[in-house]
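Okay, structure first, notes after.
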Amino acid sequence: MTTTAQSKAPFSISGFLTGDRSAGFLLSLVAGFVDTAAFVILFGIFTAHVTGNIALAGSSFVSDDEESTLTRLLMLPVFMVTVALTSVLARYARKKQWPVFAVLLTAEAVALGIFLVVGATLSPALLLDVQEEYILPIGMSGVVAMAIQNTLMKESHGVFKSYIPTTVMTGNTTQLTIDLVQLIGAKFSQGEQAQLEAEESMERIGRYVPVIIGFALGGAAAAVLILLSETWWTLVFPLLIVMMLAIAAYVQHHKRLTVS
C-alpha cells in the first residue's frame with residue numbers, strides 16, 4: 001500500500017518557481033519593476049500599464065506637445081500587435097506540443113534583453129537631451145516585453161488556476177476588496193453557504209495578494225535602484241527573473257515527459 005508521504009511528489013525548485021502563486025508573484029514583480037523604471041527614465045511612459053498612456057497622451061495634447069502625444073498613443077497599437085503575434089506563437093507551440101509557458105517566457109526574456117540593450121544604448125543621449133526619437137524606440141521595446149507577459153498569462157493553460165493580470169493592479173485590487181467584503185460578511189453569517197463563500201474568498205485572496213505585493217515590491221525596488229545607480233542596467237534584474245522562470249518551466253516540462 002502506498003502511504004500518503006510516498007504518494008506526495010518530491011519538492012523541486014523548478015516546480016515551486018512555476019507554481020501558480022510563485023510564478024504570479026515573480027511575474028508581477030517583473031512588471032512592477034519594468035513599469036516603474038521605464039516611467040521614471042522615459043519621463044512618463046507606461047510599459048506594463050499601457051492604457052495609462054492614453055491619459056498621458058491627453059495631458060500632452062492639452063500642453064500642445066504633439067510629439068509626446070504621438071509617442072504615447074503609439075504604445076497601444078504596438079501592444080496590440082505584440083499580443084496578436086504572441087498569441088500566434090502560443091498556438092503554434094501548442095500545435096507542435098512545445099511547452100507554451102516556457103516558450104513564451106523565452107520570448108519575454110529575449111524582448112527584455114532587447115529592451116535593456118536599446119535602453120542602455122540610447123538613455124545616455126536621452127539624459128542629455130529629452131527627445132522623442134530616443135524615447136519612442138525604448139518605450140516600444142519595453143511595451144513589447146510587457147505585452148508578451150500579458151499574453152502568456154492568458155495563453156499558458158494549465159499553469160495558472162485562473163487568469164490574474166500581473167501587469168495592471170486595478171482589477172486585482174478591486175477583486176481583492178470584493179473578496180474581503182465577502183469574507184467578512186460570511187464570517188458574520190451562519191450556514192453551509194456562508195462557509196462556502198468564506199472558503200472561496202480565502203482561496204482567491206491567497207492568489208491575488210502575492211501578485212499585488214509582487215508588483216508593489218517590484219516598483220519600490222526599481223525606484224530605489226534607479227535612485228542609487230541612475231543607470232538603465234538595473235533592468236538586468238527583471239531579465240534574470242524571467243530567464244530563471246523560463247529555465248524552470250523547461251525543466252518541469254522535461255520532468256513531465258520523463259514521468260509519462
task: Grab the Cα-Cα distance for I184 and A84, subtract it from 0.36 nm times how many residues apart they are, and report the gain in nm with one decimal.
output: 31.9 nm
At R0 = 35 Å, FRET efficiency that the Cβ-Cβ distance of Q97 and I213 yields, to 0.05: 0.50
message: Which order do the peptides 39-45, 25-31, 51-57 come out in when sorted by mean C-beta neighbours inside 10 angstrom, highest first?
response: 25-31, 39-45, 51-57
field: Loop-resident sites, the range 51-106, for trypsin sites (Lys or Arg not before Pro), counting at most 11 other Cβ within 10 Å (DSSP)
entry: K96
message: Going Cα to Cα from K187, which aspartates and glutamates come in below 13 Å? Please leave out same-chain ones fewer than 8 positions away.
response: D179, E197, E199, E200
- line: If each part is reduced to its alpha-carbon centroid, the range 8-36 and the range 78-108 end up apart, in Å, by 19 Å
message: With the crude spin-label approximation of a point 7 Å out along Cα→Cβ, what separation in nm comes out for Q175 versus F43?
response: 3.7 nm
query: For the chain, what is the convex hull volume of its Cα atoms per residue in Å³?
result: 163 Å³
query: Farthest toward the dipole's positive end in the range 53-101, which of L74, L89, V62, given Cβ charges of +1 (Lys, Arg) and -1 (Asp, Glu) about the Cα centre?
result: L89
field: Estimated FRET transfer efficiency when R0 is 22 angstrom, pair D20-E192 (beta carbons, to 0.05)
entry: 0.25
task: Please arrange H253, H157 by counting, for each residue, the other beta carbons lying within 10 Å of its beta carbon, fewest first.
output: H157, H253
- request: State whether the range 73-182 is rounded, prolate or oblate according to the following rule on the C-alpha gyration tensor (a ≥ b ≥ c being the square roots of its eigenvalues): a/c under 1.5 gives rounded; otherwise a/b larger than b/c gives prolate, and the remaining case gives oblate.
  value: oblate
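How about the range 136-217: which trypsin sites (Lys or Arg not before Pro) there are in a DSSP loop, with at most 15 other Cβ atoms within 10 Å of their Cβ?
The qualifying sites are K161.
Quick note: the coordinates plus some simple rules give every number you see, no bench work behind them. Just so it is clear, the model here is predicted, and its values are computed rather than measured. As a convention, Cβ positions derive from the backbone with ideal geometry for all residues, glycine included, and neighbour counts pool all protein chains shown.
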